[in-house]
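> Sharing a structure here in structure tokens format.
Where a number appears in this text, it was derived from the coordinates with a stated rule and is not lab data. A quick note: this is a predicted structure, and the numbers were derived from the prediction, not measured. Note: ideal-geometry Cβ built from the backbone for every residue, glycine included; neighbour counts use all protein chains shown.
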Amino acid sequence: MRRFACLIALAALAACSSESTAPASTESLDDLAVDLVQQFDATNAAAMDRAGIGGSEFPDSLKLTAEQKARIQALHDAYQVANQADLAALRAIELEVQAAIKAGKTREQVVAILAKAEPIRARLSASMAKLQADIWAVYTPAQQAWITSRGRGDASCSRDILKLLTPEQARQIAALKDAFAESVKGHLATIKAVGEEARAAAQAGATREQVNAILRKADAAMAAIQQAERRLAAAILDVLTREQKNNACLVRVLTGA
């Protein structure tokens with residue numbers, strides 16, 4: 001499932017809204033990964049998963065059902081609950097790193113702070129891999145084939161590609177994603193509720209037609225999320241320079257395109 005690291009991590013920049021200031025020291029810290037949480041925070045990924053919640057890129061013949069969306073949302077929610085303590089600890093370390101850089105601490109001091117995050121990152125990496133595998137299992141074989149054919153998770157699309165963004169761009173994109181996540185909360189809640197209603201009806205012996213009728217209650221919410229995703233992708237592209245827009249990997253990580 002390694003090839004799907006980009007897919008779920010793309011929503012990532014939501015954790016990067018904190019401002020960072022270049023250190024007073026002349027030592028270069030550019031090669032250090034100081035954005036610790038973005039790879040693992042699945043809160044916005046639940047809303048931004050381009051082949052998961054919303055699924056705006058799937059062709060109509062392969063679009064996710066409300067039941068699939070509800071299952072994927074539930075997986076993200078469960079991941080967030082199970083890893084709440086580790087995510088909070090990682091955020092605390094990230095803030096400590098940012099404060100150290102702002103205060104002009106040496107490279108060795110910053111590296112020492114970052115080292116505290118390694119065991120936490122290892123645990124979260126395992127949890128994220130399981131989340132990705134569980135979401136992958138929700139897709140139909142045809143949906144899986146479509147994602148694979150799109151070249152998802154190209155090895156060159158690592159989280160390091162986000163270093164091409166300026167701090168101001170990162171803040172702007174984070175704000176756009178935060179606004180998006182807030183705007184679709186109600187729709188996601190509707191999808192989750194409809195999925196639970198349909199599942200309960202099926203367990204109670206409802207016919208397939210009756211279950212489908214329940215699932216259709218989520219159609220408007222699904223369409224609204226898809227439209228919001230498209231607007232978000234367009235807004236993110238407006239933040240990028242012409243050169244950045246020509247970087248297919250960067251665009252793919254940020255927008256799922």
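> About the Cα centre of the stretch 84-220, how large is the charge dipole given +1 on each Lys and Arg Cβ and -1 on each Asp and Glu Cβ? Please answer in debye to the nearest 20.
120
> For the pair T106/A206, report the inter-label distance in nm, with labels modelled 7 Å from Cα in the Cβ direction.
6.6
> For the peptides 71-80, 239-248, 95-104, what is the packing order when you average, over each peptide's residues, the other Cβ atoms within 10 Å and list the highest mean first?
71-80, 95-104, 239-248
> Nearest 0.05, what FRET efficiency do L164 and A193 give at R0 = 45 Å with Cβ-Cβ as r?
0.70
> So the label point goes 7 Å from the Cα of S183 along Cα→C-beta, right? Which residues of the stretch 215-255 then have their backbone N under 13 Å from it?
The answer is 224-237.
> Pull out the extension gain between A78 and T148, defined as 0.36 nm times the separation in residues minus the alpha carbon to alpha carbon distance; nm, one decimal.
22.6 nm
> Let me know the Rg and Dmax you get for the stretch 91-142 when you use only its Cα atoms, in Å.
When restricted to the Cα atoms of the stretch 91-142, Rg and Dmax are 16.9, 52 Å.
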